[in-house]
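To start, the structure under review is shown below, and the notes come after it.
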Amino acid sequence: MRAYIDSDILIWHLRGEEKAYEFLRQLRDSGEYELWTGAMQRAEIVFFMRPEEENMTMLFLSQFKTDTVDQTIVDDAAVLFKKWNPGYGIDVNDALLAASAKRSGGRIFTINTKHFPMPDIFVSPLW
């Protein structure tokens, strides 16, 4: 099964948070999941990294497959966004990740579970 790692966990790991490191290590070592992230979650990381962080960050991200954003994902994400944004404040990045997870049958791992209120999306909190 695909484990979609939200950018919040990736950022906490890169900032040295031990809980995020241990969680990702255990998830990887479990053999139950393939580590994935969404295209927009990857973008959130690489767009804002500092030059001195580039080598370490890219090495870290090489452990994750990055899902593509195609027409179907965008259209499905738009439906999710329109339904869930008004009451829950999900953003475009959240909707795209949810649509990717829904299409693949994967599970989203995040700290911000409130960003994924959709009952048909599998979401697991980090802590």
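The values are calculated or read from the model by the stated rules, or taken from the named source; none is laboratory data. Note that the coordinates shown come from a computational prediction; the quantities given were computed from them, not determined experimentally. Note that each Cβ is placed from the backbone with ideal geometry, even for glycine, and that neighbours are counted across all protein chains shown.
Each residue in region 31-47 was checked for being over 16 Å from the mean Cα position of the chain (by Cα) and either β-branched (Val, Ile, Thr) or more than 15 Å from residue 5 (Cα to Cα) (or both), and 1 pass. Looking only at residues of region 77-114 that are under 12 Å from residue 8 (Cβ atoms) and touching a Phe, Trp or Tyr at 6+ places or on another chain (Cβ under 8 Å), we find that the one that is modelled with the lowest pLDDT is 114.
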